[in-house]
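Here is the structure we will look at, set down as structure tokens.
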Amino acid sequence: MNKAFLVLIICFWKLPVCAQNIFSISDIIQRSQSQSPDFRVAETRLENRYWQYRNFRSNYNPQVRLISNNAGPLYNNSYSPVLQPDGSILYLQINQLNPGVNFALEQPIQWTGGVISVNSIYNYFNNYVDNTSQWNGSVFNIRLSQPVLSYNQYKWDKRIQPIRYEESKRDYAESMEAIARDAVGYFFNVLQAQVDEQIAKYNLANNDTIYKIEQGRYNIGTTSLDKLLQVELQLLRSQQDVAQARLNLQTSSLQLRTYIGLQNGERFELILPEAIPIIIINEEDALRYGRETRSAYIAFERRKTEAEAAVAQAKSMRYEVGISGGFGLNNVGNDLNDLYQDPAKQQFLNLTFNIPLIDWGRRKSLMQSAYANKRLNDYLIAQDEVTFEQTILTQVRQFEMLKFQIDITKKADEVAFERYNVAQNRYLIGKIDITNLNIALKEKDDAKRSYIEALKAFWTAYFELRRLTLYDFATQKYLYNPMVDD
């Protein structure tokens with residue numbers, strides 16, 4: 001009987017005959033990992049994280065900027081109040097053009113959090129009222145802006161963002177295995193629906209034969225009307241089961257088609273994956289693979305670092321001190337070329353600070369809150385690490401049990417089918433009644449479904465274990481290698 005289920009034909013009813021595709025479970029998984037909606041989501045998420053990482057990296061590179069540097073409005077034509085030496089106000093017409101531009105080369109200093117820049121600044125002023133104009137500018141200027149005792153965003157991003165990007169790549173590999181696991185579910189949903197339909201059709205044919213036999217016995221008086229009606233009721237239920245099985249098969253087939261991207265007109269066959277790979281799994285090895293490859297494990301490090309960054313940021317809020325300075329050459333003139341003729345030195349130094357003398361414990365409360373959050377975060381990470389390991393160990397132990405369960409359910413399927421054949425023959429010669437035959441029939445159907453369910457549980461657990469460890473125990477290969485840079 002098992003041989004009959006090695007290849008199960010699955011199609012929509014009332015569809016035109018067309019070429020068929022034969023899919024193994026590996027084929028379905030491969031299509032799911034390249035065409036399913038979940039794959040598109042995982043791919044887009046990885047791409048977004050890649051560009052976020054590229055954006056982070058660009059923060060440490062020099063930036064060339066063109067910046068407007070207008071002292072006021074670019075152009076102003078109006079009557080404006082002008083303060084006179086005696087304190088009075090005189091409204092005078094103003095008709096001025098005052099553009100300014102700064103060519104800047106900026107470089108962040110990641111070790112200190114400051115910014116150093118090289119600038120060329122040009123300003124032009126034209127007063128159309130008296131037809132006078134003048135240029136002013138700094139042909140060369142180097143500036144440094146350096147916060148002191150403040151939170152260094154560059155330093156902490158340098159530690160956190162690479163971990164985030166590594167997480168995203170590992171998460172993508174885990175998503176591929178999750179897609180494989182979900183594809184197994186869709187795959188076996190169709191197989192189970194197909195088996196249910198075959199069982200329903202088989203039972204309908206048998207019950208129709210039994211009903212005709214029982215009719216003949218009733219006509220010659222060797223059976224009662226009660227038994228005849230019982231058989232007829234069983235026949236009606238079989239007809240109902242066939243209709244329901246067809247509907248379930250259409251529904252599950254549509255779900256699989258949608259997930260793997262098959263057109264509605266394409267017919268396909270599924271091969272029952274009865275060949276179980278020989279896998280020996282050591283719990284310690286599984287834990288080691290999980291620690292080496294899983295995104296959740298390096299996320300523990302990232303979460304600890306983020307908590308440390310929050311404490312550092314809270315500490316930096318106690319004082320606000322900054323130093324800025326610059327050196328350059330500047331000049332004025334009636335023409336742009338005059339700016340380059342014997343320019344004068346330009347120097348400046350500035351110190352800014354904001355030191356609270358009395359803040360009623362505001363900054364202290366912020367620091368203590370950051371410390372408390374760090375302690376809570378450390379506790380949660382410790383708990384998550386335990387959960388991380390227990391999940392892998394549980395899956396390994398469950399997987400070993402499922403391999404044993406397949407052998408049992410397969411043998412039970414063979415025994416139940418043989419028992420039903422014996423019971424059917426005994427019923428035909430009048431050795432047992434219809435009730436005992438129905439019991440044997442139900443046991444046969446349940447055994448077949450249990451075997452298919454055991455196969456589904458095994459393959460689902462297999463790909464879930466791959467997701468939890470990112471390691472293929474069948475081929476003994478890593479599914480993600482953190483040492484290889486994409």
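Close Cβ contacts (under 8 Å, 6 or more residues apart or on different chains) running from residues in region 243-257 that are assigned by TED's automatic domain parsing to the domain that holds residue 38 to residues that are at pLDDT 90 or above and not in a helix (DSSP H, G or I) are absent. Evaluated against (1) among the aliphatic types (A, V, I, L, M); (2) touching a residue at least 24 places away in the same chain (Cβ under 8 Å); (3) under 18 Å from residue 277 (Cβ atoms), residue 381 falls short on exactly one condition, (3).
If only residues of region 102-141 that are in contact with a helix residue (DSSP H, G or I) (Cβ under 7 Å, 6 or more places away or on another chain) and in a strand (DSSP E or B) are counted, the one that is surrounded by the most Cβ atoms within 10 Å (Cβ to Cβ) is 137.
Could you tell me whether any residue of region 328-344 is closer than 25 Å to residue 157 by Cα, out of contact with any Lys or Arg (no Cβ under 9 Å at 6 or more places or on another chain), at pLDDT 85 or above and not aliphatic (A, V, I, L, M)?
No, that holds for no residue.
Conditions (1) of a type in the set (Asp, Glu); (2) out of contact with any Cys (no Cβ under 6 Å at 6 or more places or on another chain); (3) farther than 30 Å from residue 330 by Cα, marked per residue:
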| position | (1), (2), (3) |
| --- | --- |
| 130 | yes, yes, no |
| 142 | no, yes, no |
| 146 | no, yes, no |
| 154 | no, yes, yes |
| 167 | yes, yes, yes |
| 200 | no, yes, yes |
| 206 | no, yes, yes |
| 211 | no, yes, yes |
| 214 | yes, yes, yes |
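Looking across region 142-171, just one residue is under 25 Å from the mean Cα position of the chain (by Cα), closer than 25 Å to residue 64 by Cα and surrounded by 18 or more Cβ atoms within 10 Å (Cβ to Cβ), and that is 156. For region 317-335, taking the residues that are small (Gly, Ala, Ser) and crowded, with 16+ Cβ neighbours inside 10 Å, the one that is farthest from residue 113 (Cα to Cα) is identified as 328. Of everything listed in (1) within 30 Å of residue 269 (Cα to Cα); (2) surrounded by fewer than 13 Cβ atoms within 10 Å (Cβ to Cβ), the single unmet condition for residue 235 is (2). Within region 345-384, the residues that satisfy the criterion of being among the basic types (Lys, Arg) and either surrounded by fewer than 15 Cβ atoms within 10 Å (Cβ to Cβ) or modelled with pLDDT under 90 (or both) are 345, 362, 363, 364, 375. Just one of the numbered conditions (1) within 30 Å of residue 171 (Cβ to Cβ); (2) assigned by TED's automatic domain parsing to the domain that holds residue 184; (3) touching a residue at least 60 places away in the same chain (Cβ under 8 Å) is not true of residue 282: (3).
Hey, any hits in region 3-15 for a residue that's part of a loop (DSSP other than H, G, I, E, B), at pLDDT 80 or above and loosely packed, with under 12 Cβ neighbours inside 10 Å?
no
Checking each residue in region 446-486 for being closer than 20 Å to residue 415 by Cβ and of a type in the set (Ser, Thr, Tyr) picks out 450, 451.
Residues of region 385-413 being hydroxyl-bearing (Ser, Thr, Tyr) and surrounded by 15 or more Cβ atoms within 10 Å (Cβ to Cβ), which ones?
The answer is 409, and nothing else.
Screening residue 71 with (1) touching a strand residue (DSSP E or B) at 6+ places or on another chain (Cβ under 6 Å); (2) free of Cβ contacts under 8 Å to residues at least 60 places away in the same chain gives one miss only, at (1).
Out of region 330-362, which residues are among the charged types (D, E, K, R) and under 20 Å from residue 319 (Cα atoms)? Those that are among the charged types (D, E, K, R) and under 20 Å from residue 319 (Cα atoms): 359, 362.
Per-residue answers, yes or no, for (1) under 43 Å from the mean Cα position of the chain (by Cα); (2) farther than 30 Å from residue 459 by Cα; (3) charged (D, E, K, R):
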{"site": "322", "(1), (2), (3)": "yes, yes, no"}
{"site": "373", "(1), (2), (3)": "yes, yes, no"}
{"site": "377", "(1), (2), (3)": "yes, yes, no"}
{"site": "388", "(1), (2), (3)": "yes, no, no"}
{"site": "397", "(1), (2), (3)": "yes, no, yes"}
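Screening region 387-401 for residues that are without any contact (Cβ under 8 Å) to a residue 12 or more places away in the chain and polar (S, T, N, Q) and picking the one that is farthest from residue 454 (Cα to Cα) gives 387. Of the residues making up region 37-65, those that are outside any helix (DSSP H, G or I) and either at pLDDT below 90 or not hydrophobic (A, V, I, L, M, F, W, C) (or both) are 59, 60, 61, 62, 63, 65. Summed over region 326-381, the residues that are of a type outside the set (A, V, I, L, M, F, W, C), closer than 30 Å to residue 132 by Cα and in a strand (DSSP E or B) give a count of 7.
All told, residue 424 meets the bar of being of a type in the set (S, T, N, Q), at pLDDT below 90, crowded, with 17+ Cβ neighbours inside 10 Å and part of a helix (DSSP H, G or I). Testing residue 404 on (1) in contact (Cβ under 8 Å) with a residue 24 or more places away in the chain; (2) assigned to a helix (DSSP H, G or I); (3) within 30 Å of residue 173 (Cα to Cα), one condition comes back false. Which one is that? Here residue 404 clears every test but (1).
Among the listed residues 306, 274, identify the single one that is part of a helix (DSSP H, G or I), acidic (Asp, Glu) and in contact (Cβ under 8 Å) with a residue 24 or more places away in the chain. Even if it seems obvious, please write down each step before you answer.
On the way: 274 fails: part of a helix (DSSP H, G or I).
None of the other options fit; the residue is 306.
State whether the residues of region 284-295 include one that is in contact with a helix residue (DSSP H, G or I) (Cβ under 8 Å, 6 or more places away or on another chain) and part of a loop (DSSP other than H, G, I, E, B).
Yes; the residues of region 284-295 include at least one that is in contact with a helix residue (DSSP H, G or I) (Cβ under 8 Å, 6 or more places away or on another chain) and part of a loop (DSSP other than H, G, I, E, B).
The values are calculated or read from the model by the stated rules, or taken from the named source; none is laboratory data. As the structure is a prediction and not an experimental result, all values here were calculated from the model. Quick reminder, even Gly has a Cβ in these numbers, built from the backbone with ideal geometry, and neighbours come from all protein chains shown.
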